[in-house]
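The values are calculated or read from the model by the stated rules, or taken from the named source; none is laboratory data. Since we're looking at a predicted model, the values are computed, not measured. Here the Cβ positions follow ideal geometry from the backbone for every residue, glycine too, while neighbour counts run over all protein chains shown. Heads up: the accessible areas ignore ligands, DNA and RNA and are worked out on the full protein's heavy atoms, side chains in. Shrake-Rupley method; radii C 1.70, N 1.55, O 1.52, S 1.80 Å.
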Amino acid sequence: MASRSKFKDPGFILMIVMIAYAAFVFIWWPTDIYMLDISLVAWLMFFGLFFWFLLAIIYSLWIETIESSND
């Protein structure tokens, strides 16, 4: 079995995506921008829940594809 690059690992790639999203939210944190009387940060955190769930599904499918191709 050939060794795969750590930079092509699904966990590493999705971790970078999660860090980028978290950084985006924290960049907006000190601003006072409101939509429908709710802070933009609260909206980003709310939609982040769906984003994390989507990333979990993508990760699971990606790992299954890699494992099935190794068999």
Going by alpha carbons, how many degrees (0 to 90, nearest 10) lie between the helix axis of 40-70 and the longest principal axis of the chain? 0
Positive end of the dipole of the chain, charges at C-beta (+1 Lys, Arg; -1 Asp, Glu), about the Cα centre: which of 57, 23, 43 has its Cα farthest in that direction? 23
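Subtracting the Cα-Cα distance from 0.36 nm times the residue separation, let me have the gained length for residue 69 to residue 21 in nm, one decimal. Working shown, then result.
Details: separation 48, 0.36 × 48 = 17.28 nm, distance 3.01 nm.
Contour length minus the Cα-Cα distance gives 14.3 nm.
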Treating the angle as unsigned and between 0 and 90°, give the value, to the nearest 10°, between the Cα long axis of helix 10-28 and the longest Cα principal axis of the chain. 10
State, to one decimal in nm, how far the label point of residue 32 lies from the label point of residue 56, with both points 7 Å from Cα in the Cβ direction. 3.6
Sort all Cα-Cα distances of the chain into consecutive 5 angstrom bins from zero, then give the percent of pairs in each bin up to the one containing the longest distance. 3, 14, 19, 18, 13, 10, 8, 6, 4, 2, 1, 0
1.4 Å probe accessible area per residue over region 10-69, in Å²: 75
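State the percentage of accessible surface on the chain attributable to carbon and sulfur atoms; use a 1.4 Å probe and exclude ligands, DNA and RNA. Kindly include the intermediate steps, with their values, before the conclusion.
Values: 4290 of 5840 Å².
Answer for the chain: carbon and sulfur cover 73 percent of the accessible area.
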